[in-house]
Amino acid sequence: MKNSWKFKIYLLALISLLVGTSEFVLVGILDKVADDVGITVSAAGQLVTVFALANAIGTPLIILATSKLDQRKQLLLALVFTVVGSLMTVLLPGYILLMISRIVLALGMGVFIVTASSFATKLAPSGHQASALATVAMGFSASLVLGVPIGRFISDAYDWKVIFWAIAFMGLIAIFAIVKAIPVTEGETPIPLRKQLAILKNPKITALFLVTFFVFIGYGVFYTYVTPFINVVSPMSNTALSLALLGFGLATLVGSRLGGFMSDRLGINSTLFLGMAVNTLTLILLATIAGAHAITVLLLLIWGTAAWTSGPTLQYNLVELAPKSSVIILSLSSSFLQLGMASGAGLGGIATSQLEIQSIAWIGATAILIGMVILIMSLKLSLFTRSKSVSQ
């Protein structure tokens, strides 16, 4: 079993779940971290901003700097970052050091996910590369589904720092597993940054990157503060809150699958518009009628589903536009996504410190509307260019 490629793929997926949890778990325990460190919830939310920024900016730089290393060493380096960042989280006091620990964790997660995704396509035999890549991606997606509610359950029963002790311990086990199970490979030739950025000259691709950016501003501004939002708008027991967050996580997984299903049947653009429209409407309803537990949870489930129909659909659309540059496209798409998350979390921090908590839903809806306008303008430009070339 240890020698099979499937075992190695599942191992990478399992570790992707672990490192992904280091990002998403904080959302479910934001209030507890704020109380323990002695900061406001909005200040604690900036830990999410810093993580996303470090991931978006730092990951490509670390990958570029370590490109001559074999990929097993890159995986091990990423896990060392994860272990060290987790230990820093629990051992070093104060807000600034906690923020630094988030940067270290972000670099570990980013490098591991990128390297594991690339490595999976090499491990799998011909004809199985796509499924291998999807398996690793599913491991990371599962951290969104499980990380937030499990973090809440653990923090209710124990101290929130127990979560990061566990991540550090399992990170050490993961290092041992990588050494034993993953073979050594040759380092890859790095893609120059100039070549990566040259793809932005295509206006259709640039427009979709901007749509991604604004969609995930809308997601990040509400998602980061979803726990304090529920605590204010529809207070419930810790157990009920954990179950609501679990339901939300499962809804995002359904949304990812639904986005692909709808794209095949309705088309990419129709799926994007429908998902973004429902996303916007649900955020407006959360800002205005949320209160009763049943209504609040139902709206959260609809929002989580709608929000995540856009992610895979946007990525698929980008790859369709430049199939020969899919690696660069997906890398840049990930950076725009994380920058959107960081911007959303930053805006949410400002809003929650100055305005009512419902304002984060209004800001999120506005950001997604901007994304829809950009998409419409892009489609009109595409139609105009096409008709012009036909007439000539």
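When the range 63-89 is examined, which residues are found to be farther than 19 Å from I15 by Cα and either modelled with pLDDT under 85 or of a type in the set (S, T, Y) (or both)?
Those that are farther than 19 Å from I15 by Cα and either modelled with pLDDT under 85 or of a type in the set (S, T, Y) (or both): L64, A65, T66, S67, K68, L69, T89.
Residues checked against (1) within 22 Å of A43 (Cβ to Cβ); (2) in a helix (DSSP H, G or I); (3) of a type in the set (A, V, I, L, M):
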site	(1), (2), (3)
V90	yes, yes, yes
I96	yes, yes, yes
F119	no, yes, no
I154	no, yes, yes
I163	yes, yes, yes
G171	no, yes, no
A174	no, yes, yes
I178	no, yes, yes
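What residue, among those in the range 27-79 that are outside any helix (DSSP H, G or I) and among the polar types (S, T, N, Q), is farthest from V179 (Cα to Cα)? Before you say what the answer is, go through the steps one by one.
Here is the first cut: in the range 27-79, the residues outside any helix (DSSP H, G or I) are 29, 38-40, 66-70.
Keeping just the survivors that are among the polar types (S, T, N, Q) gives 40, 66-67.
Numbers: T40: 42, T66: 18, S67: 19 Å.
Across the range 27-79, the extreme among qualifying residues is T40.
Yes/no matrix, rows are residues, columns are (1) touching a Ser or Thr at 6+ places or on another chain (Cβ under 7 Å); (2) touching a residue at least 60 places away in the same chain (Cβ under 8 Å); (3) not assigned by TED's automatic domain parsing to the domain that holds S334:
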{"residue": "L14", "(1), (2), (3)": "no, yes, yes"}
{"residue": "L26", "(1), (2), (3)": "no, yes, yes"}
{"residue": "V37", "(1), (2), (3)": "no, yes, yes"}
{"residue": "G58", "(1), (2), (3)": "no, no, yes"}
{"residue": "I62", "(1), (2), (3)": "no, no, yes"}
{"residue": "T82", "(1), (2), (3)": "yes, yes, yes"}
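Quick one: count up the residues across the range 237-258 that are modelled with pLDDT under 80, surrounded by fewer than 16 Cβ atoms within 10 Å (Cβ to Cβ) and either touching a Ser or Thr at 6+ places or on another chain (Cβ under 8 Å) or hydrophobic (A, V, I, L, M, F, W, C) (or both). Talk me through it step by step, then tell me what you get.
If we filter the range 237-258 for residues that are modelled with pLDDT under 80, which is where we start, we get 253, 256-257.
Those left that are additionally surrounded by fewer than 16 Cβ atoms within 10 Å (Cβ to Cβ): 257.
When the remaining residues are screened for being either touching a Ser or Thr at 6+ places or on another chain (Cβ under 8 Å) or hydrophobic (A, V, I, L, M, F, W, C) (or both), the result is none.
Here the count works out to 0.
Condition test on T49, is it within 30 Å of E356 (Cβ to Cβ), buried (at least 22 other Cβ atoms within 10 Å of the Cβ) and either among the polar types (S, T, N, Q) or not assigned by TED's automatic domain parsing to the domain that holds I329 (or both)?
It is true that T49 is within 30 Å of E356 (Cβ to Cβ), buried (at least 22 other Cβ atoms within 10 Å of the Cβ) and either among the polar types (S, T, N, Q) or not assigned by TED's automatic domain parsing to the domain that holds I329 (or both).
Give the residue that is modelled with the highest pLDDT, with candidates limited to residues of the range 123-168 that are surrounded by fewer than 18 Cβ atoms within 10 Å (Cβ to Cβ) and over 24 Å from L245 (Cβ atoms).
Going through the qualifying residues, I end up with P125.
Quick one: would you say W362 is modelled with pLDDT of 85 or more, aromatic (F, W, Y) and more than 17 Å from A207 (Cβ to Cβ)?
Against the criterion (modelled with pLDDT of 85 or more, aromatic (F, W, Y) and more than 17 Å from A207 (Cβ to Cβ)), W362 qualifies.
The values are calculated or read from the model by the stated rules, or taken from the named source; none is laboratory data. What you see is a predicted model; the values in this text were computed from it and never measured. No Cβ is skipped: glycine too gets one built from the backbone with ideal geometry, and neighbour counts run over all protein chains shown.
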